[in-house]
Amino acid sequence: MKNSTRAIRSMIWLPLAAVGIVGATMQAARAADQAGAPAGESSTARGGLQEVVVTATRHEESLSKVPISVTALTQESMDQLGIKDFQDVARFTPGVTIDNSGTNAISIRGISSSGGAGTTGIYIDDTPIQMRSVGFNPDDTLPKTFDLQRVEVLRGPQGTLFGAGAEGGAVRYILTQPSVTRADTYVRSEVSYTQYGQPSAEFGVARGQPIVDGTFGVRASIWYRYDGGWIDRVDPTTAAVVNHNINYSNSIMARLAAVWQPTSSLAITPSMLYQRQDKHDESTYWTAYSNLDKGQFNTATPERIGGPDDYYLPALKIQWDLGKSQIISNTAYFYRKQLTAYQGTVYDLSYWQTIPASLGLAPGPWFPLLDATGIHLPAALQGTQTPNIMTNTQQSYTQELRWQSSNPTSQWTWTAGIFWQLAKEGSIEELRSTNIDNVFNYLFGFTPTDFYGGTFYSCPTNAAYPSIPACDIYYNGNTTFDRQIAAFGELSYAFTDWMRLTVGERIARTSFSLNHYADGYENYGPGPAQANQKETPNTPKATLSFQVNPQDLFYMSYAKGFRVGGGNAPLPDYCSLDLAAAGYPNGAPLTYKSDSTQNYEIGSKNSFGSWLKIATSMYYIKWNNIQQSLYVAGNCGLQFTDNLGTAVAKGFDLQAQMQFGPVHLDLATGYTSARFTKDAPSGCQTQVPPAAEVPCLASNGDAISGQEGINYAPGASPPWTVALGAEYAFKLGQRDAFVRADWEYQSRNNWLAAVQDPHNNGTYFLGYSYTLPSTSFTSVRGGVNFGEWQLAAFCDNLFDSHTVNNYALGQTDGTYTPQQNAWTFRPRTVGLTFTWHGH
């Protein structure tokens, strides 16, 4: 209790001290500015900080007047910072992290899980595109940051206005819209070189043009980028390089939008967005075959892990201005298909070497096939591979209709709407082998048919077993349907010029269904299954804000977030013993329930003249019935999703912008403690007698694991994130010029994740998992303006940091040290960027 009290005190006093110091400085400087500044001088005139208009409340408002913790980055600011995708956005946003191991899972305020529906809402304009975890590699797709008006990151649950999935917050990509009155051109081009690797390059152009002045306009954009590779593939036996720079990728994006205004009060905007990213291979290396000090990042994975990721999004927006209110309709269809993979050969080698022990036999002289030093295939099986293929698809139909106020002089502000969505997801997981009979005969002296009890395989064609594709030894197909209809509303009333109360509610009817088909040797033959789930969630919200003067806003709020439940595919029979050891004697559950977050927050936004803006908030989030993915240890090595206990995320975030003449400073920092508050299942550490003890899946105090907790990594968010930037503006001859430096830091998480905690009875505690170190990343940029265009030079990862920021361990049964592959930052990269904003 004493330690808990001390922790709570530190949570309170740290942000209050920071706010107090900044506030005192602000008041002193405000007095000086009021004494010396000319009356009525604008911040723009003095070259000060700019105000950003956001739509975080579905109404256009200045960022400093919105009682929500929001980070907003415009296209101009992203160009100035060198931001190319959300990996970069996360570095400049307090309390936000993103999984770099392939899932693109975004964690806001520590709210991220390894299973179930998404915890962060992802929107392109008004269309949600996030996905749920259906199988392995549930990779969210994220738009590239070209021709965006801005990116908004809303911290804290946004269930009222943005619906299910926005449990920790929401990320909104706001695209630049066509205009009937204004023409403009935006061009961005870049070339760069990565140390130890290849060059990279990009080019994009966007043009907006009125066709019939005041009535019809269009906007078109196209963008391409090549990211050079820097990881080599080596032969696992000789360690000789087989392929260089395998982790390169190509990306292309195109968009066409038009706006038709037949009258001044009606705007109809159809649009089509297309993006394709073709990743040749994963950016991961094996520690056993690499020497980072010499710039050798090597992987021994024999198969390619990558593929194309395509999506297109046609949408139709209709906005009708009724004078003091407006009606807004958004109709959209989102289609996506992705081919990706995990290390299938690694999985099967580690699985095969556990088979003798499962039969009570001693392993042969070939043991181990895989360990921490690499792959050890006997000569007779050289070249054996079981490559994995993951086919993920999304089809989402969305319709939203809103009626909202638009009278800025009224004491009342309101929004009422209806939302409907049908989201279909598909996940097909395959492992393929052309020599499975030879493998079993050599290693074990019997055939796969003898072991699995039937012939569920046909190669090189599927004529002898047409149920699944040719040569598949493992087939797992899942199709899910999420249906949702919701009514929502938000009402705000200004009691005085400085006090406003906002209340809101969303009530939805959701349903989920799963159709599953498993087959192949490693599934012990065919296994169809179904699961269904229905719920009626509600997500209320209440905010009391105090605009005590035009410069200072204070607020307190309560908000609820929600994720719908779902279903699991049944696990193969060979997982039964391991499931029983994990506390599931009747097998994995076929369904799991919804979970929810409740956020209590206080915050303020303060500004002083044209030189300082500061926004800070403190929060306490209770998370109930958490959907988490559980890996079944031992011979099974597969996963399922269940509701895993209760957790609390608490902390603060702070953002500040300062302008001192030609010097501009940015600070974004946040602290998050996201931990379980109860044992799961309840009382698991106190069961008696010991023989009847129920294993703990997570213990009180364990850190929450997100999607980045793959294959026995902890997957916990760093408690501290800090981003500090400094920019100096000057004249180079007669030209405006600048230099800036940015430093981002993520701290080590000293709280054990469930996979690291020895209290978890050895079922999920493996002993090989280790805590990730703290990381820091530094970049520098400098540029010169030539009228409407700018030329800038940059260096990312200035100090060439190779710190491991995630890892995966090969499947382990505890009898050998597992293989490890790791992720790190792209090595030092230098380049030139050209941008043009013209008319």
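Here the 3J(HN,Hα) profile of region 266-275, calculated from phi with Karplus coefficients 6.51, -1.76 and 1.60 at θ = phi - 60°, is 10, 10, 10, 10, x, 8, 9, 10, 9, 9 Hz, Gly and Pro shown as x. Across the chain, Cα-Cα distances exceeding 51 Å account for 16% of all pairs. The long axis of helix 2-36 is offset from the longest Cα principal axis of the chain by roughly 30 degrees. Alpha-carbon geometry of region 541-613: the Rg and the Dmax are 24.0, 68 Å, given in that order. The Stokes-Einstein estimate for region 579-703, based on a Kirkwood radius over Cα pairs and taken at 10 °C with 1.306 mPa s viscosity, is a diffusion coefficient of 89 µm²/s.
Over all directions, what mean area does the Cα convex hull of region 431-485 project, stated in square nanometres? With every direction weighted equally, the projected area is 5.2 nm². Taking each DSSP H run with n ≥ 4 as -39500 (n - 2.57) and averaging over every residue of the chain yields -3000 deg cm²/dmol at 222 nm.
Would you mind estimating how fast region 368-428 diffuses translationally, via Stokes-Einstein at 4 °C and 1.567 mPa s with the Kirkwood radius over Cα pairs, in µm²/s?
My calculation gives 72 µm²/s for D.
The convex hull built on the alpha-carbon positions of region 215-368 has an orientation-averaged projected area of 15.8 nm².
Report the semi-axes of the equivalent ellipsoid for region 614-657 in whole Å, largest first, where each axis is √(5λ) for an eigenvalue λ of the Cα gyration tensor. Walk me through the intermediate numbers first.
Working: eigenvalues 253, 36, 8 Å².
Output for region 614-657: semi-axes of 36, 13, 6 Å.
Cysteine residues of the chain whose Cβ has no partner cysteine Cβ closer than 4.7 Å: Cys795. Each distinct pair of alpha carbons in region 626-681 adds a 1/r term; the inverse of their mean, the Kirkwood radius, is 15.2 Å. Normalised by residue count, region 283-404 yields a Cα convex hull volume of 204 Å³ per residue. Around the amide H of Val548, modelled in the peptide plane, lie the amide H atoms of Phe554, all under 5 Å away and 5 or more residues distant in sequence or on another chain.
Over region 476-583, the ratio between the Cα radius of gyration and 2.2 N^0.38 Å evaluates to 1.81.
Normalised by the empirical 2.2 N^0.38 Å for globular proteins, what value does the Cα Rg of region 141-258 take?
This ratio for region 141-258 stands at 1.52.
Which whole-number percent of Cα pairs in region 342-455 have a distance greater than 24 Å? Of all Cα-Cα distances in region 342-455, 52 percent exceed 24 Å. Under Stokes-Einstein, with the Kirkwood radius over Cα pairs as Rh, the value for region 391-526 at 20 °C and 1.002 mPa s is 109 µm²/s.
Projected onto their three principal axes, the Cα atoms of region 720-833 cover extents of 69, 25, 21 Å, largest first. Working from the Cα coordinates of region 211-268, the gyration tensor eigenvalues give, after taking √(5λ), semi-axes of 52, 9, 5 Å in decreasing order. Rounded to the nearest Hz, the phi-derived 3J(HN,Hα) couplings of region 303-308 under the Karplus curve 6.51 cos²θ - 1.76 cosθ + 1.60 (θ = phi - 60°) are 9, 6, 10, x, x, x, where x marks glycine and proline.
Given a cut-off of under 8 Å on Cα pairs at least six residues apart, what relative contact order in percent is computed for region 66-204?
Values: 244 pairs, mean separation 32.3, N = 139.
Result for region 66-204 is 23 percent.
The rule of thumb for compact globular proteins, 2.2 N^0.38 Å, goes into the C-alpha radius of gyration of region 405-465 2.77 times.
With Kirkwood's inverse mean 1/r over C-alpha pairs for Rh, give me the Rg to Rh ratio of region 78-151, two decimals please.
For region 78-151, the value is 0.95.
Taken along its principal axes, the alpha carbon cloud of region 324-369 reaches lengths of 80, 20, 14 Å, longest axis first. Each residue of region 117-131 is assigned a 3J(HN,Hα), and the resulting list reads 6, x, 9, 10, x, 10, 10, 9, 6, 9, 10, x, 10, 5, 10 Hz, derived from the Karplus form 6.51 cos²θ - 1.76 cosθ + 1.60 (θ = phi - 60°), x at Gly and Pro. What base-10 log of the normalised intensity I(q)/I(0) is obtained for region 135-190 from the Debye formula, alpha carbons as equal point scatterers, at q = 0.21, 0.27, 0.29 Å⁻¹? The Cα Debye sum returns log10 ratios of -0.95, -1.13, -1.19.
Coordinate-derived values only; no laboratory data. All values derive from a computational prediction rather than experimental measurement. Using ideal geometry, Cβ is built from the backbone for each residue, glycine included, and neighbour counts are taken over all protein chains shown.
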